[in-house]
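*Asks:* Shown below is the structure under consideration.
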Amino acid sequence: MRGSHILRRLVMVAVPATGLLLGQVAAAASGSFIGPLTHVTSLGSTVPHNGDLNPYGMAVVSQDSGRLDAGNVLVSNFNASSNSQGTGTTIVQMTPHGGRSVFAHITSNDVRGMCTGGVGLTTALAILQHRWVIVGSLPTSDGTSATAKAGCLIILDSNGNVVETLNDAFGINGPWDLTAVDRGADSVIFATNVLNGTVAAGGAVVNRGTVVRIVLHTAGSAKPWVVSSTVVGSGFAERTDPAALVVGPTGVAVTASGTLYVADTADNRIAAIPDAFTRKSTAMTGTDVTSNGMLNSPLGLALAPNGDILTVNAGDGRIVETTPAGAQVAFQWLDMSGSPPGSGALFGLVVTPTRNGVYFVDDATNTFELLH
């Protein structure tokens, strides 16, 4: 594990994709969210007692409920102790000081007959109405894309017990990431899917990745039930990959006004889907917010308190900040290990409850980290 309080220098560069000059980038970064955040602190290991590896998804606990403690962060693991992808079965709960406990251990028996292929927990992770946890599963039998199955979304109660699953009947096929917003008695989930024809293509790119909006009734004591399911985005590039298992649309976040941002990993861009809460048909791959420049296969995505878009790169160890207008205003190095530096190390990220830092997970070290 790396030592704490590692100083990282904010680097300003020209961004050809947005047409900004060096001075313009520096001026924009002076008002950026990550600009003042110059330290990375390694808080603790995400590896539970069963040895699960590859921390992917993250969700901040905002209210005490059952075994959920406010201020903590849930983290899903994609790999089992064998390090085979798509075989991880645990969600751990991390404290702000790096303490770790197992929130849920989901076995194939828990989802038998309801989740195609078993359990392999992905980046898709959120907490609904403070008491329901939803997590994606894209399982494999041996860690290779050849055995990847459609999986499902798994809903757990606040004590970590499986209560419901959502499968292909609701447009779920390889759920890779998601975001969720509570609206009255319902929760609106936007989930990305990366297995529509991907395995059959054998590594070739297919433009069939989707974003599905699922409205769940989540208020009351009864288990959540589906109100509606709508494909709001489609045609995203996706392909299998021996190192990453699959590459396709990943991180998502939605604004209060209904603009849904999507990290289009394979095409190295951030897309925007308008009217995401209300639209009745697909916006296809949306409109370009930004592409290339500092982006290097963006994966996890979150919104900063100032409304900017935060993404982490699969191709290097950087977090990138982009304005809604498409200006890439700043980046920080979060991981410098490996060759190239930080490649494949980053996935999930969330803004801290105090809104003055970013929690993220480092797959290279299996750690829970803080940019501050």
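Laboratory data are not the source of any read-out in this text; all were calculated from the coordinates shown. Keep in mind it's a predicted model, so treat the numbers as computed, not measured. Reconstructed Cβ throughout: ideal geometry from the backbone, glycine too, with neighbour counts over all protein chains shown.
*Asks:* Residue by residue, what Karplus-based ³J(HN,Hα) values in Hz, rounded to whole numbers, does region 192-200 have, using 6.51, -1.76 and 1.60 with θ = phi - 60° and x for Gly and Pro?
*Replies:* Using θ = phi - 60°, the values come out as 8, 10, 10, 10, 6, x, 5, 4, 4 Hz.
*Asks:* I need the chymotrypsin sites (Phe, Trp or Tyr not before Pro) found in region 277-372, filtered to DSSP loop residues with at most 15 other beta carbons within 10 Å of theirs.
*Replies:* none
*Asks:* Let me know the volume per residue of the alpha-carbon convex hull for region 43-105, in Å³.
*Replies:* Dividing the Cα hull volume of region 43-105 by its residue count gives 69 Å³.
*Asks:* R0 = 30 Å: FRET efficiency of ALA222 with THR287, Cβ-based, nearest 0.05?
*Replies:* 0.20
*Asks:* With just the Cα atoms of region 213-305, tell me how far they stretch along each of the three principal axes, in Å, largest first.
*Replies:* In descending order, the Cα extents are 45, 31, 29 Å.
*Asks:* Could I ask something else about it? Give me log10 I(q)/I(0) at q = 0.16, 0.18, 0.21 Å⁻¹ for region 69-136, Debye formula, one equal scatterer per alpha-carbon, no solvent.
*Replies:* -0.57, -0.71, -0.92
*Asks:* Follow-up question, since we're still on this one. What list do you get for GLU238, GLU321 if you sort them by fewest beta carbons within 10 Å? Numbers along the way, then the final one.
*Replies:* Values: GLU238 28, GLU321 24.
Fewest-to-most Cβ neighbours within 10 Å comes out as GLU321, GLU238.
*Asks:* Could you list LEU216, LEU68 in order of exposure, starting from the residue whose Cβ has the fewest other Cβ atoms within 10 Å?
*Replies:* Working: LEU216 28, LEU68 22.
Going from least to most buried by this count: LEU68, LEU216.
*Asks:* Fewest first, what order do ASP177, ASP110 take by the number of other Cβ atoms within 10 Å?
*Replies:* ASP110, ASP177
*Asks:* Now, a different point. Taking the Cβ of GLY113 as the centre, find all other residues whose Cβ is under 15 Å away and add up their charges (Lys, Arg: +1; Asp, Glu: -1). Mind dumping the intermediate values first?
*Replies:* On the way: positive: ARG112, LYS149; negative: ASP110, GLU164, ASP168.
It works out to a net charge of -1.
*Asks:* Continuing with the same structure: Provide Rg over Rh for the chain; use the alpha carbon set for both Rg and the Kirkwood Rh (inverse mean inverse pair distance).
*Replies:* Using Cα coordinates only, the ratio equals 0.94.
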